[in-house]
Amino acid sequence: MNVSYLYTWSVYLHNILRWVIVILLVIGIVRHLTAWLGKKYYTGADVKRDTYLMGSAHFMLLLGIFQWAFGPWGLKNIQNSGMGAVMKDAVSRFWAVEHFTTMLIAIVLITLGKGVAKKGITDVAKHKKAFIFFALAAVFIIVAMPWPWRDGIARALYPSI
């Protein structure tokens, strides 16, 4: 199978999956904040939703690694232009370094937020920690998304093939 074909489809899937992650993250943030402040139990539904969020984020990471390794903006750009040139160009630097690194941090934060369910702490403390990790992840995601109004790195809000 052609890598170019796979790359195109991975970008499409990556674009769709970002909205799944954003929706699950917003739901998780709201749920954990209200449960923390309302002193609610950490339920099986919380564990399930957070697991879907983490799984989606990890799958997104795999897609991102594939795109970075085989697409034009990551490794190939560094190999062709050199790291110095990539770092001097804002668009190249965003795709080769900033987007990947920032999203990796967000995925680590989501994983830590999901991991608090396994801790032997109170349910209120679980909600508080999950809220903090998920809120921080949301900040990193918002900063690193290629919003349509960002010059040079803009991507459409909805994918097209």
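Values in this text are rule-based calculations from the coordinates and carry no lab data. Remember, predicted model here, so these are calculated numbers, not experimental data. In this analysis, Cβ positions are derived from the backbone assuming ideal geometry, glycine residues included, and neighbour counts consider all displayed protein chains.
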Simple label model, 7 Å out from Cα along Cβ direction - V26 to A69, nm: 3.3
Spatially near lysine pairs across the range 3-144, Cα under 20 Å, sequence gap of 8 or more or different chains: 29
Percent of C-alpha pairs per 10 Å bin, the range 109-161, short to long: 24, 33, 22, 16, 5
Leading residue at positive end of dipole, the chain (Cβ point charges), from T122, I29, S56: T122
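Determine how many Å³ per residue the convex hull of the Cα atoms of the chain encloses. Kindly include the intermediate steps, with their values, before the conclusion.
Details: hull volume 19.6 nm³, N = 161.
Cα-based convex hull of the chain, divided per residue, equals 122 Å³.
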Amide N proximity, the range 57-80 versus L6 label position 7 Å along Cα-to-Cβ, cut-off under 13 Å: 63-71
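Using Cα pairs closer than 8 Å and at least 6 residues apart in sequence, work out the relative contact order for the range 86-155, in percent. Show your work: numbers first, answer last.
Details: 54 pairs, mean separation 25.1, N = 70.
Contact order relative to length: 36 percent.
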Max mean-square fluctuation residue, GNM over the chain, Cα-Cα springs under 10 Å, options I21, I78, I107: I78
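Place a +1 charge on the Cβ of each Lys and Arg in the chain and a -1 charge on the Cβ of each Asp and Glu, then give the dipole magnitude about the Cα centre in debye, rounded to the nearest 20.
Using only the charged Cβ atoms, the result is roughly 560 debye.
First select every other residue whose beta carbon is under 13 angstrom from the beta carbon of L53; then total the charges, Lys and Arg +1, Asp and Glu -1.
Details: positive: R18, R31, K48, R49, K114; negative: D46, D50.
Summing Lys and Arg as +1 and Asp and Glu as -1 gives +3.
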Acute angle (nearest 10 degrees) that the helix 44-70 long axis makes with the longest principal axis of the chain, alpha-carbon atoms: 10
Value of relative contact order over the chain, rounded to a whole percent, pairs C-alpha under 8 Å and six or more apart: 31
